[in-house]
Amino acid sequence: MSNVKTRYFLFISYKGTSYHGWQIQPNSVTVQKILDEALCTILNEKISTFGAGRTDTGVHAAVFCAHFDSNAPDLISKKNLVYRLNRFLPKDISVSRLAKVQPEAHARFSAISRTYRYNISRAKNPFWDDSSWFIHRKIDINAMNEVCGLLLNYTDFTSFSRLHSDTKTNLCRIFYAVWEEADDRLVFTIKADRFLRNMVRALVGTMIEIGSGKMNLKEFEEIIQAKDRCRAGKSALAKGLFLVDIEYPENIFI
């Protein structure tokens, strides 16, 4: 019997409210733990998934990818696998797609870009309570968009990285960043080749100080240049953050 395994990408989405983030950790309910248990049960083999990143407690993912290796050479032909997974998984985790990939493809390291979105609600709304940060005061979106233009000029975002993280480099290339108004919400969208732990929430928290008139553009630029997390503002609440897209090169898919 061959020991060669086949690698698959599994695309999922989840509401992070009830989970301690993606990654398995002791004595905590995480998305990875729930997904691994579902795959082990349905495929009747030991499955360990590897995620595209580590979302924090309470953070959501409209699009997330995890890869795993299986003894089954063609799970794609089992057209009901996605259906069976969705029936098995809790209501706040769903599977959208299963894809066979090259053996060296990696959900995290093969990604070309990721896109995050952050929601701020301007009016109290019970349906947005666990998916946005409610801020009632006036916020200057134009001032925050000036900051977005500034972000494209820099690559070192140490000032917006979680302290004592195990990352080897704090360099990121931001492709796109913008604040937009939608109904009673402000929506921040940012796309980059990679993100540091807590980076988007730290950026949002600091930009809100700009939008509230507590900080100016020059002071924000000085924070970037300082490469010191203690200089930046408080992190925005986790519940407003969504991972909304991950881009992969087409040639890794079979």
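Derivation of every value follows stated rules applied to the coordinates shown; laboratory data play no part. These numbers come from a predicted model, not from an experiment. Ideal geometry is used to build each Cβ from the backbone, glycine not excepted, and the neighbour counts take in all protein chains shown.
Observations
- Rounded to the nearest 20 debye, dipole of the chain from Cβ charges on Lys, Arg, Asp, Glu: 500 debye
- The distance separating the Cα centre of segment 184-254 from that of segment 70-145 comes to 18 Å.
- Per-residue ³J(HN,Hα) for segment 3-19, Karplus 6.51 cos²θ - 1.76 cosθ + 1.60, θ = phi - 60°, Hz, x for Gly and Pro: 9, 6, 9, 10, 9, 10, 9, 10, 9, 9, 9, 7, 8, x, 3, 9, 10
- Remark on Ala111: its backbone amide H falls under 5 Å from none of the residues 5 or more positions apart or on other chains, H modelled at 1.01 Å from N.
- Within segment 53-149, trypsin sites (Lys or Arg not before Pro) in DSSP loop having at most 16 other beta-carbon neighbours inside 10 Å: Arg54, Lys78, Lys79, Lys91, Arg108, Lys124, Arg137, Lys138
- Spatially proximal lysines relative to Lys91 (Cα-Cα < 16 Å; intrachain offsets below 8 disregarded): Lys15, Lys33
- Taking chymotrypsin sites (Phe, Trp or Tyr not before Pro) as exposed when DSSP calls them loop and at most 16 other C-beta atoms lie within 10 angstrom, the chain has its longest site-free stretch at 1-108.
- Charges were assigned to the Cβ only: +1 to each Lys and Arg, -1 to each Asp and Glu. The resulting dipole of segment 6-109 about its Cα centre is roughly 280 debye.
- Under-5 Å amide H pairs with Ile47, H placed in peptide plane, nonlocal only: Cys40
- HN-Hα J in Hz across segment 224-240 - Karplus 6.51, -1.76, 1.60, θ = phi - 60°, x for Gly and Pro: 4, 5, 5, 6, 9, 4, 5, 7, 7, x, 5, 5, 5, 4, 4, 5, x
- Taking each DSSP H run with n ≥ 4 as -39500 (n - 2.57) and averaging over every residue of the chain yields -6500 deg cm²/dmol at 222 nm.
- Segment 193-207 - phi-based ³J(HN,Hα) in whole Hz, Karplus 6.51/-1.76/1.60, Gly and Pro as x: 6, 7, 10, 8, 4, 6, 4, 5, 5, 5, 4, 4, x, 6, 5
- Other residues whose C-beta falls under 10 angstrom from the C-beta of Gln23 contribute a net charge of +1, scoring Lys and Arg +1 and Asp and Glu -1.
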